[in-house]
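Visitor: So that we are looking at the same thing, I have put the structure below in structure tokens.
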Amino acid sequence: MSDDRRTTDGASGAATTSAPNSRPGLLRSLAHRVAGDTADLPVEGHLASFDGATGWLNSEPLTPEGLRGRVVLVDFWTYTCINWLRTLPYVRAWSTKYAAAGLTVVGVHTPEFGFERDLHNIVEQARNFGVDYPIAIDSQYGVWGAFANHFWPAVYLADEQGRIRFHHFGEGEYAMTEMVIQQLLIDAGAQDIDQDLVAVEPRGLEVAADWRTSESSETYTGYGQSTSFASDDVAAFDRPHVYAARQGLPLNYWDLSGNWTVARHAAILSETGGRIAFQFHARDVNLVMGPASKGAAIPFRVYLDDQVADGAHGTDVEPGGRGTVTDQRTYQLIRQTGEIADRRFEIEFLDAGLEAYCFTFG
């Protein structure tokens, strides 16, 4: 399975590598039940093996047999995925609230980009995001294949007998998912389950998208998946090329200026001073990027409508529109307040050696 074939399902906020399997019994709504009521959850199969994992964090290797007697939530993720990041506050809260009652959360980290296979990167980002439950490192897509999974994020819930009873792909339906957790725990014999739903306080990249105003979608800069590249007609792939900025970009088109190498996986800045522009319509602008060389620090400046983005900057940008790229990860560059309109985003890099992978919005 390739690690760079993701598309986004705007309706569910899920990212996928191909068409999803058809599974019976996907529940789309479930009213919060009164005490003693139960919902009929179908059996969708059995908990698949984790043998394909290339390593484990926060735990010894786990098996379906060893997890019998516990309710298991399997969460497929990759650390740059904005859709997964916005589900994370709930998964963390469920792990904390229900672990003592019999819930085990297993995060399966299956990488999209090549740098997400780097164990150091996974460890660092898991620490940054507070992922302290067991993590199966799935760098060869072995667990992904065992589950016949196609999405980031994807949640599978298994009962104490190891039977899959529920799944959900993408963002949302948090109340329904938590009520299924509660039911499976009660069915397994857990006592005194608090049936109030968790309250979360997401911050930064974890804040849910403003779907009402978002008209821009995930866009890749590497030619293997890129769309809406305004200079596509003059692009020179896999070698350095000097691009000229184009004014008046159509909505959801992007462009480069300066000396860049557009490779299959990313756009790579060859000389200092390069820029990326994007005409967007959304509250947030995020960019997956990082230095090509470990240990490098690449300063940048962010603009909105040709003015320094001061007052609308994201969590990775300081007042005055300045920031620094030090890690290979998702950076939040713009978060607006007030009315959302079509705007021109631009980021200028003050050193060479930057790799830009993918824009996301919220």
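Visitor: For region 276-362, what does the relative contact order come out to in percent, with C-alpha contacts under 8 Å and a separation of six or more?
Guide: 50 percent
Visitor: Explain nothing, just the number: dipole magnitude of region 225-334 about its Cα centre with +1 on each Lys and Arg Cβ and -1 on each Asp and Glu Cβ, in debye rounded to the nearest 20.
Guide: Here region 225-334 has a charge dipole of around 240 debye.
Visitor: Considering only H241, A199, I186, whose Cα is most displaced toward the positive end of the charge dipole of the chain, charges sitting on Cβ of Lys, Arg (+1) and Asp, Glu (-1)?
Guide: So the residue furthest toward the plus end is H241.
Visitor: Also, I was wondering about something else. Go ahead and estimate [θ] at 222 nm for the chain from helices alone: -39,500 (n - 2.57) per DSSP H run with n ≥ 4, summed, over the residue count, rounded to 500.
Guide: Taking each H run of at least 4 residues, the total per residue is -3500 deg cm²/dmol.
Visitor: Can you give the accessible area per residue of the chain, in Å², using a 1.4 Å probe?
Guide: Here the per-residue accessible area is 41 Å².
Visitor: Take the Cα pairs of region 49-150, get the Kirkwood Rh, then feed it into Stokes-Einstein at 37 °C and 0.692 mPa s and tell me D in µm²/s.
Guide: The calculation lands on 239 µm²/s.
Visitor: Multiplying the sequence separation of Q140 and E124 by 0.36 nm and subtracting their Cα-Cα distance, what value in nm do you get?
Guide: 3.8 nm
Visitor: Please give the length that would be gained between Q191 and D306 if that part of the chain were fully extended, namely 0.36 nm times their separation in residues minus their C-alpha to C-alpha distance (nm, one decimal).
Guide: Full extension from Q191 to D306 adds 35.5 nm.
Visitor: If you bin every alpha carbon distance in the chain into 10 Å steps from zero, what whole percent lands in each bin?
Guide: With a bin width of 10 Å, the distribution comes to 5, 24, 31, 22, 12, 5, 0.
Visitor: Could you tell me what percent of the accessible area of the chain is made up of carbon and sulfur, with a 1.4 Å probe and every protein chain present?
Guide: Ligands and nucleic acids excluded, carbon and sulfur reach 47 percent.
Visitor: Through the Karplus equation 6.51 cos²θ - 1.76 cosθ + 1.60, θ set to phi - 60°, convert the phi angles of region 259-267 into ³J(HN,Hα) values in whole Hz; use x for Gly and Pro.
Guide: Each residue of region 259-267 in turn: 9, 10, 10, 8, 9, 4, 8, 6, 9 Hz.
Visitor: Where in the chain lies the longest segment free of trypsin sites (Lys or Arg not before Pro) that are both loop residues by DSSP (not H, G, I, E, B) and have at most 10 other Cβ atoms within 10 Å?
Guide: The reported range is 29-202.
Visitor: Whats the longest run of the chain with zero GluC sites (Glu not before Pro) that are DSSP loop and have at most 16 other Cβ atoms within 10 Å?
Guide: The reported range is 66-214.
Visitor: Let me ask another. Run the numbers on region 156-246 and let me know its relative contact order in percent, using alpha-carbon pairs under 8 Å that are six or more apart.
Guide: Relative contact order for region 156-246 comes out at 14 percent.
Visitor: To continue, here is another question. Output the antiparallel fraction of DSSP beta bridges having both residues in region 210-362, as a percent to the nearest 5.
Guide: Around 95 percent of the beta bridges assigned by DSSP in region 210-362 are antiparallel ones.
Visitor: Right, next: Please give the FRET efficiency for H281 paired with A236, using the beta carbon to beta carbon distance and R0 = 30 Å, rounded to the nearest 0.05.
Guide: Efficiency at R0 = 30 Å is approximately 0.50.
Visitor: Could you tell me how many degrees, from 0 to 90 and to the nearest 10, lie between the Cα long axis of helix 174-187 and the main elongation axis, the longest principal axis, of the Cα atoms of the chain?
Guide: 20 degrees
Visitor: Note down the magnitude of the dipole of region 54-148 about its Cα centre, charges +1 on Lys and Arg C-beta and -1 on Asp and Glu C-beta and zero elsewhere, to the nearest 20 debye.
Guide: It works out to roughly 360 debye.
Visitor: Can you tell me the equivalent ellipsoid semi-axes for region 238-362? Use √(5λ) from the Cα gyration tensor, largest first, whole Å.
Guide: After diagonalising the Cα gyration tensor, the semi-axes are 22, 17, 12 Å.
Visitor: Next question, about the same structure. Find the relative contact order for the chain and round it to a whole percent, using C-alpha pairs within less than 8 Å whose residues are 6+ positions apart.
Guide: Over the chain, the number comes to 17 percent.
Visitor: Another question about this same structure. Charges at C-beta only: +1 for Lys and Arg, -1 for Asp and Glu. How large is the resulting dipole of the chain about its Cα centre, in Debye rounded to 20?
Guide: 200 debye
Visitor: What is the angle, in °, between the Cα long axis of helix 119-128 and the longest principal axis of the Cα atoms in the chain? Nearest 10 is fine, range 0 to 90.
Guide: 80 degrees
Visitor: On a 0 to 90° scale, report how tilted helix 88-98 is relative to the longest principal axis of the chain, with both axes built from alpha carbons and the result rounded to the nearest 10.
Guide: Around 20 degrees separate the two axes.
The values are calculated or read from the model by the stated rules, or taken from the named source; none is laboratory data. A quick note: this is a predicted structure, and the numbers were derived from the prediction, not measured. Virtual Cβ from ideal backbone geometry, glycine too; neighbours counted across all protein chains shown. Each accessible area value is taken on the protein alone, full model and side chains, heavy atoms only, with ligands, DNA and RNA left out. Shrake-Rupley method; radii C 1.70, N 1.55, O 1.52, S 1.80 Å.
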